[in-house]
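Q: Please see the structure below; I have some questions.
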Amino acid sequence: MKGARLAASAFVGAVLAVLCVLAGAVSVRAQSSPVSFAGKQIRLLIGFSPTAYGYDTYGRLLARYLGKYLPGNPLIVPENRPGAGSLSLASYMAHAAPHDGTEIAIVGRGIAMEPILDAPRTPPKFDSTKFVWLGSMNNEVGGFFVREPGPVRDFQDVLNGAVLKVGSTGAGGDQQIFTQALNVLFGTKLTPVAGYPGTQELMLAIERGELDGIVGYSWSVARSGNKEQLDNGTLKIILQVALNKHPDLPNVPLVTDLVKNPTDRQVLNLIFSRNLMGRPLLAPPGLDPAVAAALRKGFAAAMRDPGLIAEARKIDLELNIVSGEEVQALVDRLYRSPPDVITRAQAIAAQ
């Protein structure tokens, strides 16, 4: 009897060993299988409604070329998912999107920092460091634009205490946060006027004289969408609100050049870092690393496509690719900012 039990035990052990070997072989084959989207559709979700020269324009341009550079050449289907400045879409991508690469998203440039800056008021809806950042279609430079004739000639007049009404879409938006950052760190007297549904409505209010200006309007949009006003002098940019100057604007001061205090500079870096990821593209957390690598490689290749570049040039759409690895590293670095810097940035965003 004892011998029979030993034989049975040996048999079971042998079977388990074979099963482990087979499972390992299957696992190795699965891991080594090339990524392919053949026969699939990939939905490119855009966190905003269609607007001239906005996220929708960028997203639909990318959708026309991306599939060409992904394994299996899938069809890319753009779809607008507006809501809360793309915060709704980011939350969906974090918690409900499939983890197979068949849904990717273009979200607002401030989404990455939303969980940090809004933490004192609302619990974070997602962890931005967990997203798979695929890259950005441009490195954005925001501007402080004022109407002409208006109450100021340049930013020095603003520093000297000129009182201006500047427009905003509301709390948490670029215009509101950037305006409060100038007020807190430079002592300016800018009065944010909230409630405008979008940037185009803000620009119309400036044209009508209801507002004196706007802080954080994208230069890449303004140079095309407001070319006539810039050319005839009824609109001008007096400050670049970004981390680096735009080559079009060598004589317009850069906000970070005006800061002397190292801690203030870190606060500005945290707030204005969103401009470095002007039109960010992301995939959900938990993506297979091989799928993530394929999506990043495909995005970078599509951005070099001569057809895409020619289309963008035809409508004067600015392209300046930031790689997925660069965006991911930036987000990780900002989340490791010193606690006192994060606290000051949160206080500015909460005003």
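The values are calculated or read from the model by the stated rules, or taken from the named source; none is laboratory data. Since the structure is predicted, the reported quantities are computational estimates derived from the model, not experimental observations. When we count neighbours, we look across all protein chains shown, and the Cβ atoms used for this are built from the backbone with ideal geometry, even at glycine.
Q: Among all residue pairs at least 6 apart or on different chains, which show Cβ distances below 7 Å where the first residue, located in the stretch 330-351, is without any contact (Cβ under 8 Å) to a residue 40 or more places away in the chain and the second is surrounded by 15 or more Cβ atoms within 10 Å (Cβ to Cβ) and in a helix (DSSP H, G or I)?
A: Filtered contacts from the stretch 330-351: no entries.
Q: While we're looking at this one, here's another question. Scan LEU230, LEU281, LEU295, LEU268 and give me the residue that is under 27 Å from PHE48 (Cα atoms) and without any contact (Cβ under 8 Å) to a residue 12 or more places away in the chain.
A: Details: LEU281 fails: without any contact (Cβ under 8 Å) to a residue 12 or more places away in the chain; LEU295 fails: without any contact (Cβ under 8 Å) to a residue 12 or more places away in the chain; LEU268 fails: without any contact (Cβ under 8 Å) to a residue 12 or more places away in the chain.
Result: LEU230 is the single residue among LEU230, LEU281, LEU295, LEU268 that is under 27 Å from PHE48 (Cα atoms) and without any contact (Cβ under 8 Å) to a residue 12 or more places away in the chain.
Q: Can you tell me which residue in the stretch 97-127 is farthest from the chain's Cα centre (by Cα), limited to those that are among the aliphatic types (A, V, I, L, M) and over 21 Å from ARG336 (Cβ atoms)? Reasoning before the result, please.
A: Residues of the stretch 97-127 that are among the aliphatic types (A, V, I, L, M), as a first pass: 97, 104-107, 111-113, 116-117, 119.
Among the residues that remain, those that are also over 21 Å from ARG336 (Cβ atoms) are: 97, 104-107.
Details: ALA97: 18, ILE104: 13, ALA105: 10, ILE106: 7, VAL107: 6 Å.
If we take residues in the stretch 97-127 being among the aliphatic types (A, V, I, L, M) and over 21 Å from ARG336 (Cβ atoms), then ALA97 is farthest from the chain's Cα centre (by Cα).
Q: Okay, next question. Among residues belonging to the stretch 327-344 that are within 20 Å of GLU140 (Cα to Cα) and surrounded by fewer than 16 Cβ atoms within 10 Å (Cβ to Cβ), point out the one that is modelled with the lowest pLDDT. Break it down into steps so the answer makes sense when it comes.
A: Let us first name the residues in the stretch 327-344 that are within 20 Å of GLU140 (Cα to Cα), namely 327-334.
Going one step further and asking which of them are surrounded by fewer than 16 Cβ atoms within 10 Å (Cβ to Cβ), we end up with 329, 332-333.
Working: ALA329: 94, ASP332: 94, ARG333: 91.
Looking at the filtered set, the residue picked out is ARG333.
Q: Return yes or no: is VAL252 within 10 Å of VAL141 (Cα to Cα) and β-branched (Val, Ile, Thr)?
A: It is false that VAL252 is within 10 Å of VAL141 (Cα to Cα) and β-branched (Val, Ile, Thr).
Q: Still on this structure, I have one more. In the stretch 49-73, what count of residues is obtained for those that are more than 19 Å from ARG223 (Cα to Cα), in contact with a Leu (Cβ under 9 Å, 6 or more places away or on another chain) and not aliphatic (A, V, I, L, M)?
A: 5
Q: Quick one: in the stretch 165-184, which of the residues that are of a type in the set (A, V, I, L, M, F, W, C) and surrounded by fewer than 24 Cβ atoms within 10 Å (Cβ to Cβ) is farthest from the chain's Cα centre (by Cα)?
A: Pass one, the stretch 165-184, residues of a type in the set (A, V, I, L, M, F, W, C): 166, 171, 177-178, 181-182, 184.
Checking which are surrounded by fewer than 24 Cβ atoms within 10 Å (Cβ to Cβ) leaves us with 171, 184.
Working: ALA171: 18, VAL184: 25 Å.
Among them, the one singled out is VAL184.
Q: Out of the residues in the stretch 186-212 that are within 24 Å of the chain's Cα centre (by Cα) and not in a loop (DSSP other than H, G, I, E, B), which is nearest to ARG274 (Cα to Cα)?
A: Initially, the stretch 186-212 is screened for residues within 24 Å of the chain's Cα centre (by Cα), giving 192, 194-203.
Now narrow it down to the ones that are not in a loop (DSSP other than H, G, I, E, B): 192, 199-203.
Details: PRO192: 20, THR199: 17, GLN200: 21, GLU201: 22, LEU202: 21, MET203: 21 Å.
Of everything passing the filter in the stretch 186-212, THR199 is nearest to ARG274 (Cα to Cα).
Q: Filter the stretch 94-120 for residues that are in a loop (DSSP other than H, G, I, E, B) and farther than 20 Å from ALA38 by Cα; which is modelled with the highest pLDDT?
A: We begin by selecting, within the stretch 94-120, every residue in a loop (DSSP other than H, G, I, E, B); these are 96-102, 107-110, 118-120.
Next, from what is left, pick out any that are farther than 20 Å from ALA38 by Cα: 96, 107-110, 118-120.
Working: ALA96: 97, VAL107: 94, GLY108: 88, ARG109: 87, GLY110: 85, ASP118: 82, ALA119: 74, PRO120: 71.
Looking at the filtered set, the residue picked out is ALA96.
Q: Within the stretch 267-337, considering only helices (runs of 4 or more DSSP H) that don't extend past its boundaries, which have at least 2 residues that are closer than 18 Å to ALA94 by Cβ? Please lay out each step first, then the result.
A: Working: elements: 289-303, 306-314, 324-335.
Ranges flagged: 289-303, 324-335.
Q: Next question. Quick one: count up the residues across the stretch 239-266 that are in contact with a Leu (Cβ under 9 Å, 6 or more places away or on another chain), of a type in the set (S, T, N, Q) and not in a loop (DSSP other than H, G, I, E, B).
A: Residues that pass the stated criteria total 2.
Q: Still on this structure: Exactly one condition in (1) outside the structural domain of ARG296 (by TED's automatic domain parsing); (2) assigned to a strand (DSSP E or B) is not met by ALA222; state its number.
A: (2)
Table: residues versus (1) out of contact with any helix residue (DSSP H, G or I) (no Cβ under 8 Å at 6 or more places or on another chain); (2) surrounded by fewer than 19 Cβ atoms within 10 Å (Cβ to Cβ); (3) among the β-branched types (Val, Ile, Thr).
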| site | (1), (2), (3) |
| --- | --- |
| ILE76 | no, no, yes |
| GLY83 | no, yes, no |
| SER86 | no, no, no |
| THR102 | yes, yes, yes |
| TRP133 | no, no, no |
| GLY143 | no, no, no |
| PRO149 | yes, yes, no |
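Q: Another question, if that's okay. Looking at this structure, is LYS125 modelled with pLDDT of 95 or more and surrounded by fewer than 21 Cβ atoms within 10 Å (Cβ to Cβ)? Working first, answer last.
A: Values: modelled with pLDDT of 95 or more: no; surrounded by fewer than 21 Cβ atoms within 10 Å (Cβ to Cβ): yes.
Taking the combined requirement at face value, the residue does not satisfy it.
Q: Being among the basic types (Lys, Arg), modelled with pLDDT of 95 or more and not in a helix (DSSP H, G or I) is the requirement here; does ARG43 meet it?
A: Working: among the basic types (Lys, Arg): yes; modelled with pLDDT of 95 or more: yes; not in a helix (DSSP H, G or I): yes.
Here the answer is yes, as ARG43 does meet what is asked.
Q: Take the residues of the stretch 227-238 that are under 20 Å from PRO253 (Cα atoms) and touching a Leu at 6+ places or on another chain (Cβ under 8 Å): which is surrounded by the most Cβ atoms within 10 Å (Cβ to Cβ)?
A: Across the stretch 227-238, the extreme among qualifying residues is ILE237.
One line per residue, one yes/no per condition, for (1) surrounded by 18 or more Cβ atoms within 10 Å (Cβ to Cβ); (2) more than 22 Å from the chain's Cα centre (by Cα):
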residue: VAL255; (1), (2): yes, no
residue: LEU268; (1), (2): yes, no
residue: ASN275; (1), (2): yes, no
residue: PRO280; (1), (2): yes, no
residue: ALA301; (1), (2): no, no
residue: GLY307; (1), (2): no, yes
residue: LEU317; (1), (2): yes, no
